[in-house]
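Chemist: To start, I am sharing the structure in question, which I have written as C-alpha cells.
Just so it is clear, none of the values below were taken in a lab; they were calculated from the coordinates. These numbers were taken from a predicted model, which means no experiment stands behind them. Quick reminder, even Gly has a Cβ in these numbers, built from the backbone with ideal geometry, and neighbours come from all protein chains shown.
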Amino acid sequence: MGTTAVRNDKTYTYKDYLARPENERWEIIDGTAYMMAPPSTEHQRIVGNFFFAFKSYFNQNKAKGCEAFLAPFGVTFNRSAKDEEIITVVEPDITVICDKSKITQQGCKGAPDMIIEVLSPATASYDVIKKRRLYEQNAVMEYWIADPANQIVTKFYANDASGEYQKPEYFSRDDVISPQIFPELAIKLAEIFSGTGE
C-alpha cells in the first residue's frame with residue numbers, strides 16, 4: 001500500500017486514529033499520520049497465503065495460545081498510556097500475538113510477537129527503514145518483509161540479550177521459511193508467492 005502524510009502541522013494521536021473517517025486507513029508514527037492507499041490484488045494474495053499458513057498452524061496447535069490478525073488491525077506499543085498520549089499506531093499486514101491480554105476491541109496494545117509486512121513499490125522504504133526501526137525499538141521479536149517483485153522474504157529477529165535485530169536472513173521463492181519463535185512451522189515460499197509475478 002502507498003503511504004502519504006495526511007498533515008504535518010499537528011501531532012496526531014491514537015485518539016485521532018480512532019476518530020478517523022470510516023473510509024480512510026491511517027497509520028501514525030511519532031505523531032505524523034500516513035494515509036494508506038488501497039492494496040493491490042497481488043499484495044492481498046500474498047497476505048492471504050501467509051495468514052492461512054499461520055491460522056492453520058495455530059488451529060492445530062491451540063496450546064501455543066497465539067492468534068494471527070489481518071490488517072486493518074491497529075497496533076500500539078504503550079499498554080498504559082491514554083489514547084491522547086499515544087502518538088504511534090500501525091496496521092501491519094499480519095500481526096501475531098501470543099499474550100491475549102494485549103488484544104483489545106480496537107486491536108493490540110503492547111508489542112506483538114511477530115509482524116509481517118508485504119511491500120508495494122510505494123511503501124518499500126517506509127516498511128524497510130521506518131517500520132523496521134519502529135518494531136525493533138518496541139520489542140517486536142520477529143519481523144518479516146515480503147517483496148513480491150523479487151519474490152524474497154527478509155527475516156529479522158531479536159537477540160534475547162540486547163533486543164536488537166540480528167543480521168537479516170533472506171529467503172527466495174524456492175526456500176522454506178520458519179519463524180524463529182515457531183521453528184516447527186515450515187512455510188514453502190513457492191506456495192506463498194503462487195500466482196504472483198508470473
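Chemist: Would you please calculate the Kirkwood hydrodynamic radius of segment 71-121 over all C-alpha pairs and express it in Å, rounded to one decimal? List each step's numbers first, then the result.
Modeler: Working: mean 1/r = 0.0878 Å⁻¹.
After inverting the mean inverse Cα-Cα distance, the result is 11.4 Å.
Chemist: OK, next. Given the DSSP H assignment, sum -39500 (n - 2.57) over each helix run of at least 4 residues in the chain and divide by its residue total; what's the result at 222 nm in deg cm²/dmol, nearest 500?
Modeler: Working: 4 runs with 36 residues, N = 198.
That comes out to -5000 deg cm²/dmol.
Chemist: How high is the relative contact order of segment 1-131, in percent, counting Cα pairs under 8 Å that sit 6 or more residues apart? Each step should come with its number before you reach the end.
Modeler: Details: 232 pairs, mean separation 35.3, N = 131.
Contact order relative to length: 27 percent.
Chemist: Now for a separate question. Each label point is 7 Å from the Cα along the Cα-to-Cβ direction; what then is the distance between the points at S172 and A149, in nm?
Modeler: Label at S172, label at A149, 1.9 nm between them.
Chemist: List L134, L119 from most exposed to least, where exposure is judged by having the fewest other Cβ atoms within 10 Å. Mind showing how you got there, number by number?
Modeler: Working: L134 18, L119 23.
If I rank by nearby Cβ atoms, fewest first, I get L134, L119.
Chemist: Using only Cα atoms and rounding to the nearest 10 degrees, what angle (0 to 90) does helix 41-60 make with the longest principal axis of the chain?
Modeler: With rounding to tens, the tilt is 70 degrees.
Chemist: Holding the Cα-Cα limit at 32 Å, pick out from K82/K167; K62/K188; K10/K155; K15/K167; K10/K55 the pairs that are longer than that. Each step should come with its number before you reach the end.
Modeler: On the way: K82/K167 35 Å; K62/K188 22 Å; K10/K155 34 Å; K15/K167 36 Å; K10/K55 39 Å.
Where the Cα-Cα span goes over 32 Å, the pairs concerned are K82/K167; K10/K155; K15/K167; K10/K55.
Chemist: Report the antiparallel proportion of the DSSP beta bridges in segment 45-117 as a percent, rounded to a multiple of 5. Don't skip to the answer; put the middle values down first.
Modeler: Working: 9 of 12 bridges.
Just about 75 percent of them are antiparallel.
Chemist: Have a look at V118, V140, V128 and tell me which one the Gaussian network model of the chain (Cα, springs below 10 Å) gives the largest fluctuation.
Modeler: The residue that fluctuates most here is V128.
Chemist: Check the cysteines of the chain one by one and keep only those with no other cysteine Cβ under 4.7 Å from their own.
Modeler: Taking the Cβ cut-off of 4.7 Å, the unpaired cysteines of the chain are C108.
Chemist: Okay, moving on. When a footprinting reagent is the concern and you count Cβ atoms within 10 Å, what order do L189, L70 take, fewest first? Before the final figure, lay out each step's value.
Modeler: Values: L189 21, L70 16.
Fewest to most other Cβ atoms nearby, the residues stand as L70, L189.
Chemist: Also, quick follow-up: Estimate the FRET efficiency between K64 and V128 by the formula 1/(1 + (r/R0)^6), using the beta-carbon distance for r and 35 Å for R0, to the nearest 0.05.
Modeler: Numbers: r = 29 Å, r/R0 = 0.82.
Step by step, r from the Cβ atoms, then E = 0.75.
Chemist: Out of these labelled values of Cα extents along the principal axes in Å, (i) 50, 32, 25; (ii) 46, 37, 30; (iii) 59, 39, 29, which was calculated from the coordinates shown here?
Modeler: (ii)
Chemist: If you count the DSSP beta bridges with both ends in segment 19-167, what percent of them are antiparallel, to the nearest 5? Don't jump to the answer; show the numbers that get you there.
Modeler: Details: 21 of 29 bridges.
Antiparallel bridges make up about 70 percent of those DSSP assigns within segment 19-167.
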